[in-house]
C-alpha cells in the first residue's frame, strides 16, 4: 500500500487524508516499517480544543511520555500544522470560523534510511470555514519537529 512512502511527513499526511478502510491500511503499513502512529478526529471553533484532542490522542497511544521534551516537540508540530491549515496564524472562533479535521501523529526517522534520528510529525486534513454548511473548504497542514 505505501511501498514508496518512506518519509515521516508523507505518512502523516496520507494517514490524515485517508478515508474509510484505507486509514487502517496506511497505519498498518507505517507500523510495519517501524513508525509509531496515532489517529483521531476533532471539530471545533476553539484552537485550544484542537490542540488538546491531538495531545490526548498522542498520550493515549503512548507516543509521548511525561518528559517535557516529547510534549514540547508535539506541541510545536501541532502549531506548525495549524499554521498550514490557516495559511498563517490560526484564527477560528474569534473570526467565526470552524474546523472539522482528521489528524495523524507519527513518530519515527525523518526518512527510513536514518533509523537513529527520531522525529514527530502531525498531519491534519479537513474542512475550515464559516460555521454554515456549504461555506467551508478543504485544508491540510503538516508539522514536523525533532525529538
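Residues that are at pLDDT below 90 and assigned to a loop (DSSP other than H, G, I, E, B) occur at least once in region 96-103. Annotation: of all residues in region 104-127 being modelled with pLDDT of 85 or more, over 15 Å from residue 37 (Cα atoms) and surrounded by fewer than 20 Cβ atoms within 10 Å (Cβ to Cβ), the one that is nearest to the chain's Cα centre (by Cα) is 127.
Selection of region 13-38 for residues being part of a helix (DSSP H, G or I) and over 12 Å from the mean Cα position of the chain (by Cα) yields 21, 22, 23, 24, 25, 26, 27, 28, 29, 30, 31, 32.
So residue 35 fits all but one of (1) surrounded by fewer than 17 Cβ atoms within 10 Å (Cβ to Cβ); (2) over 30 Å from residue 97 (Cα atoms); what number is the exception? Tallying (1) surrounded by fewer than 17 Cβ atoms within 10 Å (Cβ to Cβ); (2) over 30 Å from residue 97 (Cα atoms), residue 35 fails exactly one: (1).
If the condition is being modelled with pLDDT of 90 or more, outside any helix (DSSP H, G or I) and out of contact with any strand residue (DSSP E or B) (no Cβ under 7 Å at 6 or more places or on another chain), then region 39-71 contributes 62, 64.
The values are calculated or read from the model by the stated rules, or taken from the named source; none is laboratory data. What you see is a predicted model; the values in this text were computed from it and never measured. Don't worry about glycine lacking a Cβ; one is built from the backbone with ideal geometry, like all the others, and counts go over all protein chains shown.
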